[in-house]
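To start, the structure under review is shown below, and the notes come after it.
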Amino acid sequence: MVLLFDPSDMEHALRNVGPHPIRNGLEAFTYYRNKERADIFKGVGGLLTVHGEDWFKFRSMANPILMQPRTIQQYVGPMDTVANDLIKNMEYFAEENENNEMPENFINELYKWSLESIGTVALNKRLDCLNMNLEKGLETQKFISSVIRANELMYYLEFFVPIWKVVSTPHWKEFVQNLNVVTETAHKYIDKALAEKIPEDVPEHKLSILHRLVKVDQKFATAMVTDMLAAGVDTTGKTLGAALYFLARNPEKQARLRKEAMQNLPVKNSPVTNEVLSKSPYLKAVIKETTRLSPIGIANMRQTVKDLVLGGYRIPKNTEAVTFHLVSSLTNGFKEPEKFIPERFLRTTSDEYSAKNAHPFATLPFGFGARSCIGKRLANLELEVALIKISRNFELSWPYEDMKFDFKLIYGIAGPLKLKVQPLQP
Ligand code: HEM
């Protein structure tokens, strides 16, 4: 394994990967899919755990459905409806608390929002995660808690001595239990969505992602949608949490975002459309700056497929090259790198703060190349819609010590997200 911190070396390693880039790691998860639950996943493990020709076949099926901007833009309406529910819950929390604070576990509310958003587009169904009636949300809450715990356990299984490979440890057993909940719940939602008759004349673009994938391959559709539901929880949820924290901590930047939001959304509940988003460059810059400072993955990985010279050393074929982007995005041409300055990512910025001065491989929050994140466009759309609405509806503040960040497979905010939230006038 070779650890890379210089973005020029990262570029070299990430570009020289052949047609089937290999990102190893996630060994415990791969074992779960290939051995423990081979009854379900044999032959179709999903994009995260397969390699070579199989990966290429699956990725080619999914790309036209998940990676085309025009296809993803069609989901702006459903995302807007989900964000409205999050806004309503935030209003309720602010009203309930005498200091207008969000509850200690507000991040969980953001996980509900992210699962609801991804569920809406993947299944064309409301999962009702944001319903304040706790009874109604029991099953989705169990799903969310299982995803979070499975990721945390995967951190212990991956990064400490892997005794689980020899004997079934308590961590391994708990990991399997949690993943079983994730698999079974996702399959239940998928089966229910597939059981409903869809009229023949529904146009392709009105179909859920599941129904579009099923037309290509039913087994792959099930594995892909299971991965979407699971991969769409703490990734997008933690990123939204970090963005809200950075905005609350930087009132001037928040004011600039609000000014843009006010221009594009005349009243608080104006719907977000693709046209609105196309006129919101600061909003997009806020997301880029958030993922530079708080990427959910601190590093990426590629197996070398030929000998490469990295950092002046000859690195043989079949080595794991690990690219540490959290480190490289805090140096390498970013002026005052530790500060939250979305202006870096505006086309109109041309001074020393511009991200154009930084190495293009220094920050790569969604990875790179043919194997980059397949949920990137969906995640960005979710984040854009929620952030523009929140900044149009509330003033956020952070009268506490700096937030802690930590890494437990997923990197991000680690303390209670007790934002102070002041509802704005219409
Ligand atoms: C802010 C949100 C997210 C971030 C920052 C993120 C980041 C990443 C990164 C860094 C990778 C590795 C890419 C590489 O190796 O070059 C990845 C892979 C992946 N992501 Fe995401 N992700 C996010 C949300 C999502 C969502 C919502 C989905 C659901 C569709 C998703 C599904 C996947 C899948 C399936 C892969 C594996 C792709 C493959 O190996 O072909 N991600 N993601």
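The values are calculated or read from the model by the stated rules, or taken from the named source; none is laboratory data. Owing to the predicted nature of the structure, the values given are computational and were not obtained by experimental measurement. Methodologically, a virtual Cβ is constructed for each residue, glycine included, from the backbone with ideal geometry; neighbour enumeration extends over all protein chains shown. Remember, those area values only see protein heavy atoms, side chains included, never the ligands or the DNA or RNA. Shrake-Rupley method; radii C 1.70, N 1.55, O 1.52, S 1.80 Å.
Remark: the Ile163-Lys88 segment gains 22.4 nm on full extension, using 0.36 nm per residue and subtracting the alpha carbon distance. Note: relative contact order over region 282-333, using C-alpha pairs below 8 Å and six or more positions apart, is 37 percent. Around the Cα centre of region 2-423, unit charges on the Cβ atoms of Lys, Arg, Asp and Glu (plus for the first two, minus for the last two) sum to a dipole of about 1020 debye. A straight line joining the Cα centroids of region 154-179 and region 410-425 runs 32 Å.
Oblate is the label for region 7-79, because a/c, from the alpha-carbon gyration tensor with a ≥ b ≥ c as root eigenvalues, is 1.5 or above and a/b does not exceed b/c.
Surface composition of the chain: carbon and sulfur make up 53 percent of the accessible area, probe 1.4 Å.
Placing R0 at 35 angstrom, the Cβ-Cβ distance between Gln73 and Leu138 gives a FRET efficiency of 0.55 after rounding to 0.05.
Distance from the C-alpha centroid of region 222-242 to that of region 336-353: 28 Å, rounded to the whole angstrom. When the square roots of the Cα gyration tensor eigenvalues are ordered a ≥ b ≥ c, the ratio a/c for region 1-140 is 1.5 or more and a/b exceeds b/c, which makes its shape prolate. Remark: relative contact order (the chain) = 28 percent; criterion is Cα-Cα distance under 8 angstrom and separation of 6 or more residues. Computed from the C-beta positions of Asn24 and Glu95, the FRET efficiency with R₀ = 51 Å rounds to 0.55.
Of the three principal axes defined by the Cα atoms of region 200-271, the extents in descending order read 49, 29, 14 Å. Here's the list of aspartates and glutamates a cross-link from Lys35 could span, going by alpha-carbon distance under 18 Å and ignoring same-chain residues fewer than 8 apart: Glu27, Asp54, Glu158, Glu174, Glu184, Asp227. When the pairs Lys317/Lys376; Lys42/Lys142; Lys125/Lys165 are compared against a 32 Å limit on Cα-Cα distance, Lys125/Lys165 fall above it. Over region 177-254, Cα pairs under 8 Å with separation of 6+ residues give a relative contact order of 29 percent. Take the convex hull of the alpha carbons in region 162-201; its mean projected area over all directions comes to 4.0 nm².
Taking packing as the residue-averaged number of other Cβ atoms within 10 angstrom, the listed peptides 33-44, 351-362 run from highest to lowest as 351-362, 33-44. Under the rule a/c < 1.5 gives rounded, and otherwise a/b versus b/c splits prolate from oblate, where does region 2-423 land using the Cα gyration tensor? It is rounded, given that a/c, with a ≥ b ≥ c, falls under 1.5. Within region 90-155, the GluC sites (Glu not before Pro) that combine a DSSP coil assignment with at most 12 other C-beta atoms in a 10 angstrom radius are Glu98, Glu104, Glu135. Cross-link partners of Lys268 among aspartates and glutamates, defined as those whose alpha carbon lies under 14 angstrom from its own and excluding same-chain residues fewer than eight positions apart: Asp80, Asp85, Glu91, Glu260, Glu395. Percent of Cα pairs in region 73-223 per distance bin of 5 Å, from zero to the largest separation: 1, 8, 14, 16, 16, 15, 12, 9, 5, 3, 1, 0.
Annotation: the antiparallel percentage among DSSP beta bridges lying fully within region 2-423 is about 85. Over the chain, dividing the summed -39,500 (n - 2.57) contributions of all DSSP H runs of at least 4 residues by the number of residues returns a 222 nm mean residue ellipticity of -16000 deg cm²/dmol.
Ligands, DNA and RNA are left out, and with a 1.4 angstrom probe the accessible area of region 2-423 is 45 Å² per residue.
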